[in-house]
Each structure stands twice: as structure tokens, then as C-alpha cells.
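Let me begin by presenting the structure, written as C-alpha cells, before commenting on it.
The values are calculated or read from the model by the stated rules, or taken from the named source; none is laboratory data. Just so it is clear, the structure is predicted and the values come from calculations on it, not from any experiment. A quick note on method: Cβ atoms are made from the backbone with ideal geometry, for glycine too, and the neighbour counts reach across all protein chains shown.
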Amino acid sequence: MDTTIENANDSGVLLLVGSSGGHLAQLLALRPWYETWRRCWITFDTPEAVSQLDDEEMVPAYHPTTRNVPNLLRNTVLAWRVLRSRRVAAVVTTGAGVAVPFVLLARLWRIPTVYIEVYDRIDTPTVTARLCRPFLSAMLVQWEEQRRQYPEATVVGTLL
């Protein structure tokens, strides 16, 4: 990961933001990297997510997020509250829509933002990645082929 983020470990909480399901699974696969961090998860309040994050701090986000303007606004207010109430060292996300307000607000407050493109979108970028890309500190991809869409990205290999 980015050295800015590595050096920030002692100065705040790592905010891990992702939809439940595959997005959350990919973030969970990063456990060896984040296990020494204080962290807070932002995801949907689904039985699966609650079970997977049983011993973790979790703030439930509003869903669905696809083409749902009211929930985008609710998640923007949520992002504002979470980012204002915690000393956030970095925001790391795999998407989807719930990530957008967190990335935008974090970037406005100069909090490092990292987006990891999902492993199953090799030939085309996700909508969330396209929306977040201008506001990112680092773009990570899981396949070399994904660099066609994101030439500036760092290939980290598959998470799952």
C-alpha cells in the first residue's frame, strides 16, 4: 500500500468502505495488511456482513445505492458524520456506490483515499471507480489487464 497510509497507522483509524457481498469479501481478504490497524467498517447491515464483521466496529450504510438518489444523500450525511467523528487515517474501498461520498469527502479533508478495483471487471471500469478516480490518492487493480482502463494504477494481484 501507499507509504502515506503505512506511516499513518499510528495516527488514526482505517476506514474500510464497501458494499456487502463480493466487495466486502475482497476487503476482508486484506486482513494480513490491516490487522494491526484500528479500523471501522462501512457496509450494509445484512446478516452476512454482520456475521463476517462480528468483532469489528461497523457503521451500517444505506442501501440500495444503485441509482438511488435518496440513499446517496443519506450516505453523504453518514460519510460526513463518520469522517467528522473519527480521526481517519485513510479510506480504503472496493466500491460500490456507498464508496462515492466517503471518497469525495475524505479527499476534501485531505485524507488519503485508496480504491481497489474489483477482480471481476477486467475489460471495463466500474461506474464507482470512474466516479471516484479523480479524488483518489492511489488506484489499485488486481489484474495487469485492468491497467488498460487505469494506466496509473498499481497491480496488487488478486485478493480472492
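Checking F135 against (1) more than 23 Å from L28 (Cα to Cα); (2) out of contact with any Ser or Thr (no Cβ under 7 Å at 6 or more places or on another chain): exactly one of these is not met. Which one?
(2)
Somewhere in the stretch 10-17, is a residue more than 18 Å from V82 (Cα to Cα), assigned to a helix (DSSP H, G or I) and at pLDDT below 95?
Yes - at least one qualifying residue is present in the stretch 10-17.
For L104, only one of the following conditions fails: (1) crowded, with 21+ Cβ neighbours inside 10 Å; (2) aliphatic (A, V, I, L, M); (3) touching a Phe, Trp or Tyr at 6+ places or on another chain (Cβ under 7 Å); (4) more than 17 Å from H23 (Cβ to Cβ). What is its number?
(1)
Are any residues in the stretch 23-65 surrounded by 13 or more Cβ atoms within 10 Å (Cβ to Cβ) and either free of Cβ contacts under 8 Å to residues at least 12 places away in the same chain or closer than 19 Å to L131 by Cβ (or both), and if so, which ones?
Those that are surrounded by 13 or more Cβ atoms within 10 Å (Cβ to Cβ) and either free of Cβ contacts under 8 Å to residues at least 12 places away in the same chain or closer than 19 Å to L131 by Cβ (or both): H23, Q26, L27, I42, T43, F44, V50, A61, Y62, H63, T65.
Given the structure, is V98 within 20 Å of L24 (Cα to Cα) and either touching a residue at least 12 places away in the same chain (Cβ under 8 Å) or in contact with a helix residue (DSSP H, G or I) (Cβ under 8 Å, 6 or more places away or on another chain) (or both)?
yes
Return the residue satisfying two criteria in turn: it lies in the stretch 62-100 and is among the polar types (S, T, N, Q) and more than 25 Å from G12 (Cβ to Cβ), and of such residues it is modelled with the lowest pLDDT.
Applying the filter and picking the extreme gives T66.
Take E48 and tell me if it is more than 18 Å from I116 (Cβ to Cβ), charged (D, E, K, R) and in contact with a Leu (Cβ under 9 Å, 6 or more places away or on another chain).
yes
Restricting attention to the stretch 75-85, does a residue exist that is of a type outside the set (K, R), out of contact with any helix residue (DSSP H, G or I) (no Cβ under 8 Å at 6 or more places or on another chain) and within 16 Å of I42 (Cα to Cα)?
Yes; the residues of the stretch 75-85 include at least one that is of a type outside the set (K, R), out of contact with any helix residue (DSSP H, G or I) (no Cβ under 8 Å at 6 or more places or on another chain) and within 16 Å of I42 (Cα to Cα).
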